[in-house]
Each structure stands twice: as structure tokens, then as C-alpha cells.
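Heads up: the structure comes next, in C-alpha cells.
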4 protein chains.
Amino acid sequence: MDYKVGCSLSYRVKTPTPFVFNIEAARTGGQTVKAETLDLSPNVEVERWTMPESGNRYLRVTVQPGPFKLDYTAEVAIAPALQAPESVTEILAADLPLSVLPHLWPSRYCQSDQLNRLAQRTFGGEMPGYARVNAVCNWINDNVDYMGGISDAMTSAFDTATQRAGVCRDFAHLAIALCRSLGIPTRYVSAYAHRLQPPDFHAVIEAFLQGPQGPGWYLFDPTRKSAPDGIVRIGIGRDAAEVAFASPFGDIEYDKPEVWIEAQGGSAPGVTTQAVRAEP
Amino acid sequence: MDYKVGCSLSYRVKTPTPFVFNIEAARTGGQTVKAETLDLSPNVEVERWTMPESGNRYLRVTVQPGPFKLDYTAEVAIAPALQAPESVTEILAADLPLSVLPHLWPSRYCQSDQLNRLAQRTFGGEMPGYARVNAVCNWINDNVDYMGGISDAMTSAFDTATQRAGVCRDFAHLAIALCRSLGIPTRYVSAYAHRLQPPDFHAVIEAFLQGPQGPGWYLFDPTRKSAPDGIVRIGIGRDAAEVAFASPFGDIEYDKPEVWIEAQGGSAPGVTTQAVRAEP
Amino acid sequence: MDYKVGCSLSYRVKTPTPFVFNIEAARTGGQTVKAETLDLSPNVEVERWTMPESGNRYLRVTVQPGPFKLDYTAEVAIAPALQAPESVTEILAADLPLSVLPHLWPSRYCQSDQLNRLAQRTFGGEMPGYARVNAVCNWINDNVDYMGGISDAMTSAFDTATQRAGVCRDFAHLAIALCRSLGIPTRYVSAYAHRLQPPDFHAVIEAFLQGPQGPGWYLFDPTRKSAPDGIVRIGIGRDAAEVAFASPFGDIEYDKPEVWIEAQGGSAPGVTTQAVRAEP
Amino acid sequence: MDYKVGCSLSYRVKTPTPFVFNIEAARTGGQTVKAETLDLSPNVEVERWTMPESGNRYLRVTVQPGPFKLDYTAEVAIAPALQAPESVTEILAADLPLSVLPHLWPSRYCQSDQLNRLAQRTFGGEMPGYARVNAVCNWINDNVDYMGGISDAMTSAFDTATQRAGVCRDFAHLAIALCRSLGIPTRYVSAYAHRLQPPDFHAVIEAFLQGPQGPGWYLFDPTRKSAPDGIVRIGIGRDAAEVAFASPFGDIEYDKPEVWIEAQGGSAPGVTTQAVRAEP
């Protein structure tokens, strides 16, 4: 399936300000960037770095005072595999590839060390595998209000576990923390997300599970607001701290970002009930 | 029903140390202290204060370096009323006596302001009244492990809501916070508790509800470890901060307190399923 | 000195809503309410309760859907005693009246149990008494930014100790927690405050110290924004939880309150450097 | 300088338990492992993974019930460069290599997002560079008690900023968080540390600064208990979550680890006042 995605970010810069952006579609397994454009106004020099362990594409610019605008568009093909949920199981700690360990560790906004007992008590009896991660997402949907204005940039899974309200970022953090507490390596994914209304940068999660063709990362949207097989990935990280779409190091004002995604050609996916594996 | 209760506290005092104790049975509605003894060794002078709004009996001594021992015994008659749970209902905010407001406010260890959404989501649909407070206690029993070594003197309901382990103090704090979030004035009660094993100072709660003969405080043991109609009350407070059995202001060492309670005469209460109203 | 004070509160009530207000000037030692008016529109019935231990005057109304307005004015005489700072000293734990104990205990927003080491390390070497409380307030002014939009109704002294920004409420909470950690009973005071710009409900603190004529409560404004000898007290509590100017139990919208205070007659106080004792 | 280092870890394993260990000296810039031995008893199979971005050497074994012992020894040559402190300066956000960004992000135990204002207020006026990181470490030494029994495995920089007591791990976390808040990429280093008494696994930090020969990582011991130029590095991470010396996934008991380090040959380093750059 092909998607056209993009974003438009507008700033009023007050002091010379370096920005780090992470808004470009990842060039990663199961996702091909067929074309893309990046327009900066004014047209400042861009420095790039792709993080080896994640494939995240960071870019840095330094902007002088005045208005600044970034426009990004891309055409991206994704080919997620849809698999029977019951065919996707868990992997014992003895068998996990050691390279996924970083996604078992607690992180800034996903304090899995503190949520251990809650996770075990609530989900210990669930069928291991896709079903258990799905149960975590369902529980979050049943127990947390999706609403703005309650959480902020410092809100963590520990807070949301009790305060029970938040946005996609908070839903993802809580899901990640609970899955890690259950021994399932889980990571944060920022994305352009099909069907999300209103369109915005979205946060979903990927859990490392055993599929019919081997171990890999399976995608879940704890908010249930997008199509898991219609996710164009931007960045992957331990949590939101690692994939901020914009990190300004200076005094700025900004407008709400414009973000869009459009399915190209044939019929766009609905909300699948299959297990979605982003990479083959 | 009459009970003999008592405690024995032993200290090794290293510097001249004022102590505030709150270990004497309260002389309060529904509870009569028929006899009591207080022995201090060495026999230092005692200063007393009974807090008007709670009836708590605080005593202060200042102890010189060396061993110090406090022995307290009392014979106490209590006459809790047992009522049909379904006859005990909630009182609307418009109708609560204003004097119970302090037990609706959040306190150090009972952050009802932060648990509001959790309380509403989990217990909003329960039958208001005794049944709802009982549901809170049942939920805590089902979801929190009763175990030592996890919580400490700084652990609060906000922590326990996520960490899911604690002792009687933590169970009481979480129950109080959840009930206050539901609009039910609730207070912390330290007590000598029949059937508690091993014997120790215990923490239970009282919720302000509407009974068949009018509004009043109803007793619940969120740990389910004691007989709610076998509770000899020591202190009442917003939370544990207000009814510490001993507050030393100096450098001391202490042994584990010995605490006891014995039912006198006729048959001692089992664990009632009736609503227990401590004061008539 | 006489002051005219008042406030005007406007609501749009959506469901039948009980409100508890605490906006009337306290009738308490050192403060005389010479005249006052309370106008409600619509003119609903008022129920009153004065809390015995604090003198706080709570009033409750139940309001039907529609606009609701409360207008309060009072003429209040206050007669704070100004004393030489060096004449105001601390009281040892062995000598404190037991009735001030509740203001030594940690409370919801003043976790003195957690700030103990910070307080001892930072202020342990200060001259005990007025000078030490003053040093606490100076330190807060030097280390915490007075600014809105950072803290909210759930922010506590523990947060502000690290986040270092807040409003009068946060300044008061941090000062109270630090003073309690130092063994000084300290309480939260809501007030009409002379010289505060822009006018608003203000939060200051009172510390229990030994003055030349005996022990009593001494007033400090940790924000340094008002005249400590120009404070008309409304409510006294362990912290802000206990003296909210308005507690609605229903669905409402509100406008920013209008609050005012005007010195009557002779010359109004400047910002005194003397110790201010509110009650004789 | 050459060091002999090693550790001996003893367990009683109750259920089949996978362990991940990170105890081997890193083979990394400025540090050469000249010889090493690893003895396991019983002699279970070892699986290894070296994390590309850090060089950390993780090993995994799965152990059956019974006693289990790991003995590690190594001979390691280190060649830290000692440089004049005033020659080591800071790097602006616009000039940092993007690859060090992960050590600017907040992490589980180093909430630099929450400590921003504290860091700016306390250290904003310090001379940028080595002097500023050194000022952070001095401040922690002046303001935090080095003592066990206060902090635990869940204690974070946010807690230590207020509670003011902890061990090497807590000192490192607070230093890292403060440096990141100041815009200095900083990472956690677990190590065998010369002069540390009693010997144990140690935690120090590395800050990314501009030296006379270019940018690089500079080592600081916020506890001041070891010789910064006598540090044999084991693991590097965002914080302690990433370099636990042992992570058991099962039911075990353990003895306190034995850890040692001995300088070989010539005179061992004292506590240098020079800036220590671990890698050339």
C-alpha cells in the first residue's frame, strides 16, 4: 500500500536557534520511501544523522531570528504482514535476542520497574503473545480517558496508571511500561497514521513477539484510533524522549503542526483484527 | 463486648528526647475505658492533650539517655451497632454536615485529588453507600498484595495505586483516597484489633454514611484481617501522619512493640458481614 | 489599621451544584470584622460552619443551573504587633504546646517528611527563630521563579523543591514544608493582601515561634509581594487543600475572581522588616 | 597503567533462571583487555552480545536450580589523558555531533526535563566546560549525604534532588540529570574503580566536552571516592537501567558480590585534579 504523507511546521524564531527534527519517514524494513521533498524557508543548511540502532533520521538546522517554516512530503510504500493473532506468541527471557534488551529496560516515561506488580496482577493470567499485548491495549482503552489538557510533556506511565487520562503519547507509554513489566520488549513508534482524526503526529507501539516465520516487532495502537496496517513510521525509541518531532534549543514560538496522510490507489485498510507485523 | 488491650514499648535513648505517644484507647462515642494503667520506666513526668476535634489522647514525655519503657493496659467496652449493609447509604455533598469536610480533603498519604478518575471509573457504577465502600475494600484486597518490605513511611496512596503492595497502613490510605474521590468523607483509625495475627497496632478506616438512624461513621478493615466489630480505637486522623503511636524527637533505638487484645467474657466476634457503626 | 476588602465571583452553573466557599474574613485574634455584606444572585439559602480549631468560616449554597454570582465586602480592623526580629526565637519540641502539633505533621502539599535532609542541610546552621524562617523565605525567593503556567492544583512542595517555579500557593507550600522539617509548626493562610499586584486571593504562612511576650503565630509572605502587616486573613489550614476559596461539587464554568483590598484612613504599611505577629 | 580487576558473584538459584551479566571490562577506546578469565560453576553455556553503540559486553546464561558462581578476572591497561581543566570547554547545541544526542535525552533515573530550572539557577553562572561539570559534582558532594539505606533501585535524580541522600548510583544519576539540563551530553559508567573503599562495583559519569585535541568524553566521579584516572570501565548507558551488573529472570538468592581492583607495577594514581579523558 502506498501513502502520501507530510507535515508543515511554522516557527517564529527569536534567538539564533538550533533545531533537531525527526519527521522524515524511516527507510527501514517493510517501508520504502519512494520519493520525498524537504523545503525549508529560509533555506538553511541541513545536517543529517541516521541512528544506526533505530534507523531514525534526525536532521539539524540552525535558524536565525525571524519566521521559519519546514515542509516535508513523502510517498511511502509499506507492506505490513497480517497474521493470525493466535499464531503470534511470546519469547522467553532465555531466548530473546540480546539485541532487544534495551526495549525491556525501564525508560524516562515507561517505569516498568514500578508497574511490575500491577502488570502481573492484571495481565498475568492472559494468554501470552499477541493476545496479551492486545489485552493491555484493551485495558488501557477501558480504563484511561483519551483527552487533552490533563497530561503534559512530563507525564509518565506511572502518572497515567493512576490519573487515568491522556493522549496517544500517554497511552503508548503506559502500554510499553506494562508490556516490559510482563517481560515483552516493547518500543515507542512515532508515525503518520492512516485514519487518525484529526490528523496529527501519532504514537503507537511495537512489541517483540514470536510469529509464524520467526521473531519480530508487532504493531499495536493503544488508542485504537488509527489503522495498525496503515502506519508510516518516523522514529523508534525507548519512549517519546527519543523521537520528538522537533527539539528547539532556543527561544521560539510555534503554530500547531499540520500533518497529513493519504492512501494512494486501491482500497485503504480498515481497522484490521489481524496481527500486524511491520517488517517482514 | 469488653476487651483487655495493651502495649509495651521499649527504647534505648541516646540523647535527651521528647516523645509524643498516641497509644491510649480513645474515650469516645461507643467506647468506654473502664480501667487503664500507664507505667513508665523511668517514671518521667507526663503531659497530656486531647485533641478536641478527634478525641485523640496525645501524651508527651521527655526522656534522658538510657533505657526507657512504656507499658499500657486498658479494659475497654465497645458497643458497635451492627446494621444491614443495604440500609447504609451515601450522603450528597449538599447534605453532608460541614464538619466532616476535613475528611473529604486530600491529605499527605491520601491524594484523592490525583485518584479521582481511577475512583470514578472503577467504582462509579457500584451501588452507593456501604456497598460501594465495601467494593473499594474488596478491590484493594483483590489487587494489592499484603506484604512487608515494599512500602515505607513515605509510601502514599498514589504509590500503592500503582505499586500494588503494602501493609495495613497502605491499604487504609488507598481506601481512604478512593472513597474521598467518590465524595465519601473517610478517615484513618489506628486501633487495637481483635483477631489480627500477629497482633500489632492496626490501621482501619471509617466512612461517613447515612444509616437507618441517621448519618455516622462506619468502620471497614480494608485488609480483611481483623473483626470490624472488635476494634478498640486509639486515634482518628486524616491519615497516618496524625496518629503515629510514637513520635520521638531525638536519637533513639527501639524494639518491635508488643501489642495485645483479648476479648473478655462471652463469645468474641467473628468477622461480621454486617455494617459496623462504631458510635451510636 | 482598617481595610476594606472584598471579592466578586461569577459562575455559569450547568447542573445543580453545591458550593463550599471560604472567602469571608476570619473573626479571630487580632482581626475584627467591623462590617460585612454577602450578596448572592440568585439569592439562595446559605448554610454556615465555623471550624472550631481554625476559626475558618465556611459557607455552603446549592445552586440551580444558570448564572450565579457572589459578592462579598467587609471592613476589617487588624492590629498586628511588630516586634524586633531578633526577639523572636524557636521553641523546642519538648516545650511546644501539644495543640500546635497538627502543624508539624506533613500534609498533602507540604511533605516535610521528604524534605527533612534538604531543610537540615540548607538551614540547619541558620540562627533559630524569626531569622531562620526568614532565611527559608529568602532562599525560596532566590531559587524559585514566581511564574504562572508551570504548577497546577496538584503541585506540591516536593515538586517545587526541584522544579523551581510556581505561584504564591507553591511558595507557601515549600516554605511550610521546610519549616516543619526544621521542627517549626507552620500553617497556610489564605488572605486579602495589601500591596499584592495584581490583586488576588493570596497565600502566606504563619510559623509558631517564641516572642517577647510568649509563643504565637508569626506571619511571613514567602513571595515578598505583599505587606506582611497588611494581611486580612480568610482561612488557616495545614495547606491549600483546607482553605480553597471555592469548592464546587458539580459542572460549572467560572470567570477569574475579582479581589480587592484598600487601606482606610491613615498611611498604609509598607513592607516592614519587623517580625509580624498577627494575634496578640 | 595496568590493573588487575575481578569479581565473584554467588547465587542460590531456586527455579531455572536466565541471567544477563555485564561485568566484563569493556574493550573500548583507551582501554585494552590484555587477559581475562571467566569461570562459571556449574559450567553452563554462555551467549554473548556486544552492544554496538556502547561497546558493552553482555553475556547470558541459563542456570538450573542449585548453587551458581561466576568468577571473573582481567588484566586491563588504561591510558587516560590528563589535561588542564581550563582547556576543556563546552560545545554548543548547534555543534554537538548528532550521535551524542541520546545522552542529552532524559532517562528513567535522570529526569533532566524536570530539573531544568534547578540546573540553570544553580549552575547557569558557572564557567562552561570542565569547571561547570566539576561544580555540579562539588554541589552534589556538599548537598547530598553519601549513605546507604535511604535510596533503593527505584530512586531517581528527581527524588535525590530533594531527599539529599544516596549511594554512588544516586550521585551519578543526579549529576547526569543536572548536566543534561545544562545542555551537556552525559552518560552513566559502571566500573572497577581504583581507591574506592570498600571495593564494589562503582558508578561514575562521563560528560561530552571540547578538549584541546577535540571533542570527547570526560570522566568525573561525583562521589569523589575513587581516582578518576584509575577507572576500568564495564558499561556505558543512559543510566543504571542499562548497565546492571546482573539481571536475573527467576527466583534466586544472592550474596554480596566481591569486587576488586589492583594497580600493577609502578605508582598508582592519586586523586588527580586534572581533567580525565578516558578515550584518546
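Each reported figure results from applying straightforward, stated rules to the coordinates on display, with no laboratory input. The model shown is predicted, which means the values in this text are computed figures rather than measured ones. For neighbour counting, all protein chains shown are included, and Cβ atoms are generated from backbone atoms with ideal geometry for every residue, glycine included.
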Subject >> Exercise: per-residue mean of other protein chain Cβ atoms within 10 Å, D:159-168 >> reply: 5
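Please report the net charge: other residues with Cβ closer than 14 Å to the Cβ of C:C110, K and R +1, D and E -1.
Values: positive: B:R108, B:R238, C:R108, C:R169, C:R180, C:R187, C:R238; negative: B:D239, B:E242, C:D113, C:D159, C:D170, C:E206, C:D239, C:E242.
My count for the surroundings of C:C110 gives -1.
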**OP:** For segment A:239-256, just list the computed ³J(HN,Hα) in residue order, Karplus coefficients 6.51, -1.76 and 1.60, θ = phi - 60°, integers in Hz, with x standing in for Gly and Pro.
**Re:** 6, 4, 4, 9, 9, 4, 5, 8, 10, x, 10, x, 9, 9, 10, 9, 9, 4
Subject >> Distance in nm between pseudo-label sites at A:L38 and B:D71 (7 Å out along the Cβ direction from Cα) >> reply: 8.2 nm
**OP:** Determine the sum of side-chain charges near A:A263: Lys and Arg each +1, Asp and Glu each -1, restricted to other residues whose C-beta is under 13 angstrom from that of A:A263.
**Re:** -2
Subject >> Low-density loop positions, chymotrypsin sites (Phe, Trp or Tyr not before Pro), segment D:39-101 - DSSP coil, at most 10 other Cβ in 10 Å >> reply: none
Original post:
Taking N as the number of residues in segment D:2-79, what value does Rg over Cα atoms divided by 2.2 N^0.38 Å take?
Top reply: 1.18
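Per residue, how big is the convex hull around the C-alpha atoms of segment D:35-111? Give it to me in cubic angstrom, could you? Write out the running numbers ahead of the final one.
Numbers: hull volume 14.6 nm³, N = 77.
Normalising the Cα hull of segment D:35-111 by residue number yields 189 Å³.
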Original post:
For the Cα atoms of chain B, what angle does the longest principal axis make with the long axis of helix B:168-181, in degrees from 0 to 90, nearest 10?
Top reply: 40 degrees
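Could you grab the Rg to Rh ratio for chain C? Cα atoms only, Kirkwood for Rh.
Working: Rg = 18.6 Å, Rh = 19.2 Å.
So for chain C, dividing Rg by the Kirkwood Rh gives 0.97.
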Original post:
Semi-axes of segment C:91-211's equivalent ellipsoid from the Cα gyration tensor, sqrt of 5 times each eigenvalue, largest first, rounded to whole Å?
Top reply: 23, 16, 14
Subject >> Cβ-based net charge around C:A191, under 11 Å, with every Lys or Arg adding one and every Asp or Glu removing one >> reply: -2
Original post:
If you count, for each residue, the other Cβ atoms within 10 Å and average over each peptide, how do C:150-158, B:146-154, B:111-119, D:241-249 line up from highest to lowest?
Top reply: B:111-119, D:241-249, C:150-158, B:146-154
Subject >> Per-residue ³J(HN,Hα) for segment C:107-117, Karplus 6.51 cos²θ - 1.76 cosθ + 1.60, θ = phi - 60°, Hz, x for Gly and Pro >> reply: 9, 3, 9, 10, 7, 4, 5, 8, 9, 4, 5
Original post:
Hey, in the GNM for chain D with a 10 angstrom Cα cutoff, which one of D:P85, D:P198, D:P185 fluctuates hardest?
Top reply: D:P198
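To the nearest 20 debye, what is the magnitude of the charge dipole of the protein assembly as shown about its Cα centre, counting +1 on the Cβ of each Lys and Arg and -1 on the Cβ of each Asp and Glu?
Working: 96 positive and 124 negative charges, 0 e Å.
Around 0 debye, computed over the protein assembly as shown.
Summarise the partner chain shielding of B:108-119 as one whole number: the mean count of Cβ atoms from other chains within 10 Å of each residue's Cβ. Can you show the working numbers first?
Numbers: counts 14, 5, 1, 6, 2, 5, 6, 3, 4, 9, 7, 1.
Rounded to a whole number, the mean comes out at 5.
What is the Å³ per residue value for the convex hull set by the Cα atoms of segment A:188-280?
Roughly 120 Å³ of hull volume per residue.
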Subject >> Under the Karplus curve 6.51 cos²θ - 1.76 cosθ + 1.60, θ = phi - 60°, whole-Hz ³J(HN,Hα) for segment A:188-203, x wherever Gly or Pro sits >> reply: 8, 10, 8, 7, 8, 10, 5, 6, 4, 10, x, x, 6, 4, 10, 10
**OP:** Would you mind giving the three semi-axes, in whole Å and largest first, of the ellipsoid equivalent to segment A:222-272 according to its Cα gyration tensor?
**Re:** 28, 16, 10
Original post:
Nearest 20 debye, what's the magnitude of the dipole of chain A about its Cα centre given +1 on Lys and Arg Cβ and -1 on Asp and Glu Cβ?
Top reply: 240 debye
Original post:
By how many degrees, 0 to 90 and rounded to 10, does the Cα axis of helix B:130-143 deviate from the longest principal axis of chain B?
Top reply: 70 degrees
Subject >> Calculated SAXS-style log₁₀ I(q)/I(0) at q = 0.06, 0.07 Å⁻¹ - the protein assembly as shown, Debye, Cα scatterers >> reply: -0.54, -0.74
Original post:
When every alpha-carbon pair in segment B:43-84 is counted, what percent end up more than 16 Å apart?
Top reply: 63 percent
Subject >> Gaussian network model of chain D, springs between alpha carbon atoms under 10 Å - residue of D:G124, D:G237, D:G183 with greatest fluctuation >> reply: D:G124
Subject >> Length-normalised contact order of segment C:1-156 in % [C-alpha pairs under 8 Å, at least 6 apart] >> reply: 26 percent
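Evaluate the relative contact order of chain C (contact order divided by residue number), counting alpha-carbon pairs under 8 angstrom at least 6 apart; express in whole percent. List each step's numbers first, then the result.
Working: 677 pairs, mean separation 83.7, N = 280.
Over chain C, the number comes to 30 percent.
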**OP:** Calculate the all-directions average of the projected area of segment D:106-161's alpha-carbon convex hull, and give it in nm².
**Re:** 4.3 nm²
**OP:** Can you tell me the dipole magnitude for segment B:212-280 around its Cα centre, using point charges on the Cβ only (Lys, Arg +1; Asp, Glu -1), in Debye to the nearest 20?
**Re:** 400 debye
Original post:
For segment A:19-61, what does the alpha-carbon gyration tensor say about shape, rounded, prolate or oblate, given a ≥ b ≥ c as the root eigenvalues, a/c under 1.5 as rounded, and a/b over b/c as prolate?
Top reply: oblate
Original post:
DSSP loop GluC sites (Glu not before Pro) in segment A:27-132 with at most 11 other Cβ atoms within 10 Å of their Cβ, which ones?
Top reply: A:E45
